[in-house]
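To start, the structure itself, in structure tokens.
The values are calculated or read from the model by the stated rules, or taken from the named source; none is laboratory data. Just so we're clear, the structure is a prediction, and the values are computed from it rather than from any experiment. Neighbour counts are summed over all protein chains in view; Cβ atoms, including those assigned to glycine, are modelled from backbone coordinates with ideal geometry. Keep in mind that these areas ignore ligands, DNA and RNA; they rest on the heavy atoms of the full protein, side chains included. Shrake-Rupley method; radii C 1.70, N 1.55, O 1.52, S 1.80 Å.
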Amino acid sequence: MTVQGTGADVRTRLRRLLRHRTTWALTAATLVGAVLGAGLVGWRTGTLPWSQELRPCWDSLSDETLDTLMAGAGRREAEEQKLLGPGWTARCRVLAYSREEHRQDDVAARLDITVRTLDTLSGRDAHAWSAEFLSTGLTPLGGGLRGMASRSRAWLALPQQCVDGEDPVVVEARMGNQDKEDLISPERRYGMARAVVETANGLLGAYGCTGRHRLPRPPRDLDEDAQEEREKKRDGAARAALCGLAGAPVPQEHGTWLRRAARNWVDGGPARVCGMGHPHADFEARLVTVVDPELSLVFRAEALGGGPEISDSELGRGAFTTGRAVFMTRCQTGDVVFLAEQTHGKDSDWTFVRDVFPLYVAAEADRLGCGPQKVTMPKT
Amino acid sequence: MTGVNGERTEDGERTGDGLRRRRRRTVAVVVAGALLATAVGLWATDTRPSRADSYCWGAWQEHEIEGLLGGGALDDAVAVSTESPPPTAAHPEGTCEMTVREKSGTERDIMSVTAAYGRFPADEHEHRERIARYLHGSAAALPDGLDGAASPDHALLVLPAACDVGGRPTTVTLSGEARDESVMARLLVDLANTAMEKAGCAPDAPPTVTSPFTELPRSDRYPHYPRLCGIPGMAFDKLPGGAGGVEITGTYGNRLQICSLDFSSRSAGTGAMAHYVMAGTPRLAALFTGFPEGPGRRLVRTTCDGRPTVFYAQPDLLTGRGVPDDETVFTRFRQSVSKRVGCDDGGER
């Protein structure tokens, strides 16, 4: 009937059309053209499918860095939280699995990266964060970077300009325990340093900020003996300086510890840490100077009201509790914090902070060009 | 699909003419397809073919300025520039101005920059004025160790010694208004590289800026802390006219330290009350060439750990207000800063 006839008519026309070479040429040409065009667009806009491979942790960590940190391990997997914006916490972790047969589900190495804003109001990070990231073993990244690294920890503050706010926003990297910090492993430290710098650069890109940090320089191509020699020399010099207290009238019993101390006491970064003793020994303490003015804010609450007041002139404020003293003052670089903390000791040793802290503040303030600073410990 | 309006040939007709026509038609179709897909792709990814314009002797490309302003900013704006002839070896001077203005509505200026390439002035008054403006406390030392400083409204780069004219350093300066110091720094370095090429004194390794600014100036009310800019020995009597003071200061390792004290009051407006500078690299120190020297003249040159270092204060500010006296305040500035940068001789020769 009419409908059928029309249907047949369409089919016939379609068939004729399909038989027609022009139709084929047209279709093929359009397809070829589309592929060419799409390729061209992809190439010009950097969105080709094979350039889409994102690197772990917000497209940040390079294979070179992960190879440095996870040498010997097998396949790697990364997991990351979505970035919400500067200042919001986000975590990422990279797991490397064992290469051994039958144990390929065992995690052989694990790197944890966190970006977060440090707490400057409650003083919580003055304790928790500084215990982990301003501890013995961490040395400045160098090259003007506001961060530090050891073989198991590293951190880097994002540029103020990029995070829009006073509170420091830091990238943290953790790998393994912190109880082997006395091992000399420049390669591992270099890997940790690269990890935080690469992550920070990735975040700068994600947040739409100008500029990218230069990567830290690789450890000098020294063999292990020479490397160890160098570190020993540095430790020797630091030890001779007694955490900067050489020449100060340090009571005899504390001088013994200070002479054994002084690993990683390196100048020229956001903070300098002079640690002594060991968590498993009878005594453990550290002396810290925080020079970075933003980072100093982390200690403000504690300095203002974290314990009986350390008195000074109008120059600064501080607080003292058994085993810990904090003093904040204004130097040429802005707010500076001095911290002394003892974390282990026998009964008789707990005078360390009380005795040494005033000497330490005086010596360090002098070194930083903001002396004289004379602090008086409160009576207890 | 248009553009394929070739003459129809009958199917199966294999004349040479028909083949040629068909081939031509195929080519046309491929081109049309490619064009269409490209257009769709470009539209979808919001990319438009870039205009190849550039400003200030070709130093600033439009796409670059667009990048500095944030993507797509130039769609609703227009950039215009006026420029003198570029600097040459025979005449190593030049100025240039670029303004990015909104196309519609208020025709607001989004960014406006005036650039100058040339020798640092010989006239003492002009020279001091230049130092006061471009090394004000609000300027942060350039990243990546470059010899200069930048703020959102001013920037200065000291060029290598090869560009010196008559024993004075040549600089590139920018003044104007940009989003932040990073934008200024990028414009500054690009212009410097172009200008040095034209003037024939470009170094083998051209200066580049890649790192972000990690250290920025800080400002505080004064006298909130008794020591101006946190520097021991920097003490003054009551400020003139009871004006409120603002200290703006920055320390950039051993390279540069600036301490500015500005007043701002309803009656007197704003202006400088004190200006102290430590410059610790050869090129930054060269900016002070030509000033009378000595503590009494508020300029001391010394060597710190092998680095030529200059301590400078603008002499005509806060006169008679130093405690105990002006010269002692300057000497203490020198000593305190020397201590910080590990130069224990206190800046003595």
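For the stretch A:281-287, 3J(HN,Hα) computed residue by residue from phi via the Karplus equation (6.51, -1.76, 1.60; θ = phi - 60°) reads 9, 6, 9, 8, 7, 8, 10 Hz, glycine and proline entered as x.
The modelled label-to-label distance between A:Glu64 and A:Arg212, using points 7 Å beyond Cα along the C-beta direction, is 1.1 nm. Between A:Arg99 and A:Lys379, the contour length at 0.36 nm per residue exceeds the alpha carbon distance by 94.8 nm. Only Cα pairs under 8 Å and 6+ residues apart enter the sum, and on that basis the relative contact order of the stretch A:17-206 stands at 20 percent. Calculate the FRET efficiency for A:Ala281 and A:Glu53 from the Cβ-Cβ distance with a Förster distance of 45 Å, rounded to the nearest 0.05. Given R0 = 45 Å and the Cβ-Cβ separation, E is 0.40. Modelled this way, with points 7 Å down the Cα-to-C-beta line, the labels at A:Leu40 and A:Asp267 are 6.2 nm from one another.
Once the C-beta distance of B:Val78 and B:Thr270 is scaled by a Förster radius of 45 Å, the resulting FRET efficiency is 0.85 to the nearest 0.05. Chain B packed on chain A takes about 3600 Å² of accessible surface away from a 1.4 Å probe, both sides summed. Counting only Cβ charges, +1 for Lys and Arg and -1 for Asp and Glu, the dipole size of the stretch A:17-206 around its Cα centre is about 760 debye. Note on A:Asp9 and B:His63: their simple-model spin labels are 5.5 nm apart, each label 7 Å out from Cα toward Cβ.
Among A:Gly33, B:Pro121, A:Ala200, flag the residue with its Cα farthest along the positive direction of the charge dipole of the protein assembly as shown, charges on Cβ as +1 for Lys/Arg and -1 for Asp/Glu. Highest projection toward the positive end goes to A:Gly33. For the stretch A:269-378, the per residue solvent-accessible surface stands at 32 Å², with DNA, RNA and ligands left out and a 1.4 Å probe.
Applying the Karplus relation 6.51 cos²θ - 1.76 cosθ + 1.60 with θ = phi - 60° to the stretch A:67-81 yields 3J(HN,Hα) values of 5, 4, 7, 10, 4, x, 8, x, 4, 10, 9, 10, 9, 9, 8 Hz, where x marks Gly and Pro.
Note down the net charge around A:Tyr190, summing +1 for each Lys or Arg and -1 for each Asp or Glu among other residues with Cβ under 11 Å from its Cβ. Computed value for this residue: +4.
Think of the stretch B:135-279 as a dipole: +1 on every Lys or Arg Cβ, -1 on every Asp or Glu Cβ, centred on the Cα centre; then among B:Ser267, B:Ser182, B:Ala195, B:Ser267 lies furthest on the positive end. Contact residues in the stretch A:181-228 by the 20 Å² criterion (accessible area, 1.4 Å probe, full protein complex versus chain alone): A:Thr210, A:Gly211, A:Arg212, A:His213, A:Arg214. Using a 1.4 angstrom probe on protein heavy atoms only, which residues from the stretch B:226-240 are buried by at least 30 Å² of accessible area when all chains are present rather than their own chain alone? When all protein chains are present, B:Pro226, B:Arg227, B:Gly230, B:Pro232 each give up 30 Å² or more of accessible surface. Interface burial in the stretch A:315-331 reaches 40 Å² or more for A:Leu315, A:Arg330, comparing the full protein assembly with the chain by itself; accessible area from heavy atoms with a 1.4 Å probe. Applying a DSSP loop filter and a limit of 12 other Cβ atoms within 10 Å to the trypsin sites (Lys or Arg not before Pro) in the stretch A:311-380 leaves A:Lys346, A:Lys379. For the stretch A:61-209, the solvent-accessible area of protein heavy atoms averages 43 Å² per residue (probe radius 1.4 Å; ligands and nucleic acids excluded). Ligands, DNA and RNA left out, the 1.4 Å accessible surface of the protein assembly as shown is 51% carbon and sulfur atoms.
Of the GluC sites (Glu not before Pro) found in the stretch A:62-170, the ones in coil according to DSSP and having at most 15 other Cβ atoms within 10 Å of their Cβ are A:Glu100, A:Glu101, A:Glu166.
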